[in-house]
Ligand SMILES: Nc1ncnc2c1ncn2[C@@H]1O[C@H](COP(=O)(O)OP(=O)(O)OP(=O)(O)O)[C@@H](O)[C@H]1O
Ligand SMILES: [Mg+2]
């Protein structure tokens, strides 16, 4: 739906953080029932603008109008009351409470006597679940549900609070293709009710599918807003985002494939994965494809010594390893760039350089010397190679944009010169320009003789960068193929457990 009246409008909004002009003179508006998509490179200012709207940050200057009325530096509580809801990446679900109580968190229906009206709570909740297309009892405890369902409950909560504008900041980054389609159905039913949705994502296919209008941000400025009509192409959006064209997107080159570096034999962890065997050669990019929950990350966590194996053997250069802890795995030459960068890869309160050199420091400390100058130089080089947008290496990592945090995790591992480097969803939440850089880096590692393993849920990505691919489904290997001799159908079939694509949807 498009052409409704304007609900929210900002004019000339600017926001400065020490060292960065995060927003410069932003004009933006959203209409009733509209999906307005916002896209831009990592650090372009998308999340910052949304946080100004919701009152998390205060603007330095500019006008903010909600339903035509000026809003002066509101608090988060005030913006919720006004009708603004944000579905954050870090969800605010209480896992031990049931669905109904999570939906009505902070606004439980009460009887006149002041006690909770359970009858109303559960019958209202059932209505909301129906609207969300969720076939679920409102008495289900949240912790038993998937991330996708958690997100739906957050959306339900926004609807209950009578939100007029709902902000979704990278809502699909941990959703499967099917879950994304369900989310889109819910978004459409919201817009039919007249609710407006700001939709932030790095996935171009999604934007062009769901958006009515698209705004492109670059370096804190809005470079364009346009209707999402037939004339909009991905090239156009990418061109606006990065101000140049990307040639040779995947940067795939054939590297010299050498001896087997990592060999995994019959790895099993009861109830998680079973009888997983594969080998990766020096100079090879080995892709692990599967849907979320297939057990790919779990296999890598076990190889890296985070989780225990029940049986199976791991060899590095033909020598059997007992990787019973990450420390031992690192010593054996294995690196893992994890998927959950906030939880596993970074210390958010420390600065960029310290994070990058974390592993190195523990290594060098045992010898008693730290080569500070060498470290600084290496860190600066990586900042440039990966185009990490930070005013300095001293900036606290928690203050970088999501995608730039991901790049810091990566530098950390590149610093230790591993023999095997595992990337778990390396480009999740990363913009297209930086994606291409990361592919170049992966290829560069392979060219230097590193055995590279990449876990990905994105089909074009896995086909574009790997030499060989194995597919997993429900904890088992379902296929192994050479990328040059396969196609997306065959790979998808493996991920679906050998079934044909059509049967699964
Ligand atoms: N709390 C903060 N303190 C200091 N700087 C910040 C803070 N929040 C954001 N920034 C800076 O503002 C700029 C814009 O960041 P923002 O998070 O808005 O980017 P983004 O467009 O959402 O990027 P991404 O796609 O990576 O999520 C970045 O340079 C970031 O480092
Ligand atoms: Mg962001």
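Worth a mention:
- Whole-angstrom gap from the stretch 136-162 to the stretch 173-223, using each part's C-alpha centre: 19
- Placing pseudo-labels 7 Å out from each Cα toward the beta carbon at residue 459 and residue 490 gives an inter-label distance of 1.5 nm.
- In this simple spin-label approximation, residue 107 and residue 25 carry label points 7 Å from Cα along the Cα→Cβ vector, and these lie 3.9 nm apart.
- Degrees separating the helix 177-192 axis from the principal Cα axis of the chain, which is the longest one: 10
- Shape call, the stretch 260-299: gyration tensor on alpha carbons, a/c limit 1.5: oblate
- Under 12 Å from the residue 5 label point (7 Å along Cα→beta-carbon), backbone N, the stretch 19-44: 32
- By the count of neighbouring beta-carbon atoms within 10 Å, fewest first, 484, 174 end up ordered 484, 174.
- Helix-derived mean residue ellipticity, 222 nm - over the chain, DSSP H n ≥ 4, -39500 (n - 2.57), to 500: -9500 deg cm²/dmol
- Computed from Cα atoms, the angle from the helix 432-447 axis to the main principal axis of the chain rounds to 10 degrees.
- Angle in degrees between helix 118-131 and the longest Cα principal axis of the chain, rounded to the nearest 10: 70
- Modelled label reach - residue 265, point 7 Å along Cα→Cβ, the stretch 317-340 residues with backbone N closer than 13 Å: 317-321
- Estimated FRET transfer efficiency when R0 is 30 angstrom, pair residue 97-residue 307 (beta carbons, to 0.05): 0.55
- When you count the other C-beta atoms within 10 angstrom of each residue and take the mean per peptide, 19-30, 431-442 line up highest first as 431-442, 19-30.
- Order of 234, 150 under a 10 Å beta carbon neighbour criterion, fewest first: 234, 150
- Mean shadow area of the chain over all directions, Cα convex hull, nm²: 25.7
- Efficiency of FRET between residue 73 and residue 184 - r from beta-carbon atoms, R0 35 angstrom, step 0.05: 0.55
- Cβ-Cβ FRET estimate between residue 162 and residue 376, R0 fixed at 45 Å, reported to 0.05: 0.30
- Net lengthening on full extension, residue 81/residue 226 (0.36 nm per residue, minus Cα-Cα): 49.2 nm
- Antiparallel DSSP beta bridges within the chain, percent to nearest 5: 55
- Virtual paramagnetic centre 7 Å along Cα→Cβ of residue 116, amide N under 14 Å, in the stretch 143-175: none
Every number in this text was worked out from the coordinates using simple rules, so none of it is lab data. The structure displayed is predicted, hence computed values, not measured ones. Here the Cβ is made from the backbone with ideal geometry for all residues, glycine too, and neighbour counts use every protein chain on show.
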